[in-house]
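Data block below; observations after.
The values are calculated or read from the model by the stated rules, or taken from the named source; none is laboratory data. This one's a predicted model, so the numbers in the text were calculated from it and none came from an experiment. Note: ideal-geometry Cβ built from the backbone for every residue, glycine included; neighbour counts use all protein chains shown.
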Amino acid sequence: MRDKLEKLLEAYSELEKRMVDPAVVSDPKEYARIAKEHANQAPLVAKAREYLSALDDIEVAKEMLRETVDADEKEMLQDDISTNEAKLPGLEDEIKIMLIPGDPNDEKDTIVEIRAGVGGDEAGIFAGDLFKMYQRFAESHRWKVEVLSSSPSDAGGFKTIEFKVTGDKVYSVMKFESGVHRVQRVPKTESQGRIQTSTATVAVLPEADEIDIQIAQEDLRIDTYCASGPGGQGVNTTYSAVRITHLPTNTVVQSQDQRSQIQNREVCMQMLRARLYEMELEKQQAEQGASRLAQIGHGNRSEKIRTYNQPQDRVTDHRIGFNGTYNGVLLGDTLASVIDALAAAERAQKLAEAV
């Protein structure tokens, strides 16, 4: 461990030298890349220094212990050795997790799709509630939310809504929300007070740029049509809405929420790149033998990652058995505690696999 960490510190020192190299400073892209790598390595370097410092303190204390004859000093040195030795296992575990290669998509922004599942009007209302939950959660992280495309449901909420979340390491947090969400509550539309079970599916896609995914123009069929719903004088009179079909994969994306056909087309291309990128990732993982459940599933009540039970004021994440309060999670106030628990479980799994 010591040799590995000392080499890590040497590499970090070289990185710091490059950050002040005039050739790098004069190249904004290269400087940004190195600065980002420097920032990403900083927590690991801090832990490495703490670990090596503890080892050095133990060696110094043991050397002094061999030379001293004073009983009080011996006791003090032995306490120092015990204290530092007690630190080492925890530091080793943290460092091992940090040394495990992370998901390369963790730094990316995301495109999130929420789709009403089983439950009729109530499923659409629940999809809207999930969107509001993520809006509040993003606001607490100072992330930006931009609606890309939406299809409102008649009773409120959405049949589908796609939105982009931009900020620091968004995908590393939001990726845990992919799957089927189930709600058990008395719908606003229910006159007899009966509890209904409804679902909505959430897909979290890492945003892909043109470097990640190359799309040939001849592989696209682009249709334009009149937008519907609120939007000003141009609605239903100009062909501003855009639908793009990727012919090789039969992937269809559409947008009508932006002000112009050009903006809707750009939004469609963002969504298309994200979906094709996700397909490519799943293909790679399948080839590598990785076991990974599909994000969306079929929207059936039994295919769930989380249940929101209003009568019992409880939210249960079934992947780790974590329980929270209904209002706390759905209002976005305590969603972070659920995601933190999922992230901790993921880290523990990675550590177990590494060991």
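Only one residue in GLU107, GLU146, GLU85, GLU139 is outside any helix (DSSP H, G or I), more than 30 Å from SER191 (Cβ to Cβ), of a type in the set (D, E, K, R) and modelled with pLDDT of 90 or more, so which one is that?
Exactly one residue qualifies, and that residue is GLU146.
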In the stretch 149-170, which residue that is among the polar types (S, T, N, Q) and outside any loop (DSSP other than H, G, I, E, B) is farthest from GLU107 (Cα to Cα)?
SER151
(1) surrounded by 15 or more Cβ atoms within 10 Å (Cβ to Cβ); (2) farther than 23 Å from LEU99 by Cβ all hold for ASP72 apart from (1)
Does at least one position in the stretch 43-63 carry a residue that is within 22 Å of the chain's Cα centre (by Cα) and exposed (fewer than 11 other Cβ atoms within 10 Å of the Cβ)?
no
For ALA138, all conditions in the list (1) within 20 Å of LEU281 (Cα to Cα); (2) surrounded by 20 or more Cβ atoms within 10 Å (Cβ to Cβ); (3) within 13 Å of the chain's Cα centre (by Cα); (4) not hydroxyl-bearing (Ser, Thr, Tyr) hold save one; what is the number of the exception?
(1)
I want to confirm something. Restricting to the stretch 254-270 and keeping residues that are touching a residue at least 24 places away in the same chain (Cβ under 8 Å) and among the aliphatic types (A, V, I, L, M), which single residue is surrounded by the fewest Cβ atoms within 10 Å (Cβ to Cβ)?
MET269
Could you please tell me which pairs satisfy a Cβ distance under 7 Å, a separation of 6+ or placement on different chains, a first residue in the stretch 339-355 that is modelled with pLDDT of 80 or more and assigned to a helix (DSSP H, G or I), and a second residue that is of a type outside the set (A, V, I, L, M, F, W, C) and surrounded by 12 or more Cβ atoms within 10 Å (Cβ to Cβ)?
LEU342/ASP317; LEU342/ARG319
Please determine whether any residue of the stretch 34-41 is loosely packed, with under 11 Cβ neighbours inside 10 Å and free of Cβ contacts under 8 Å to residues at least 60 places away in the same chain.
yes
Residue in the stretch 320-337 that is modelled with the lowest pLDDT, counting only those that are in contact with a helix residue (DSSP H, G or I) (Cβ under 6 Å, 6 or more places away or on another chain) and either on the phi > 0 side of the Ramachandran plot or not in a loop (DSSP other than H, G, I, E, B) (or both)
GLY332
Can you run down the residue pairs with Cβ atoms below 9 Å, 6 or more apart or on separate chains, where the first is in the stretch 174-187 and more than 10 Å from ALA203 (Cβ to Cβ) and assigned by TED's automatic domain parsing to the domain that holds PHE131 and the partner is among the aromatic types (Phe, Trp, Tyr) and in a strand (DSSP E or B)?
HIS181/TYR308; ARG182/TYR308; VAL183/TYR308; GLN184/TYR308; ARG185/TYR308
Residue check: is ARG115 among the basic types (Lys, Arg), touching a residue at least 12 places away in the same chain (Cβ under 8 Å) and farther than 29 Å from LYS4 by Cα?
yes
Limited to the stretch 200-235, what total is found for residues that are part of a loop (DSSP other than H, G, I, E, B) and either at pLDDT 90 or above or at positive phi (or both)?
3
Answer from ILE111, ILE100 - the residue that is among the aliphatic types (A, V, I, L, M) and buried (at least 18 other Cβ atoms within 10 Å of the Cβ):
ILE111
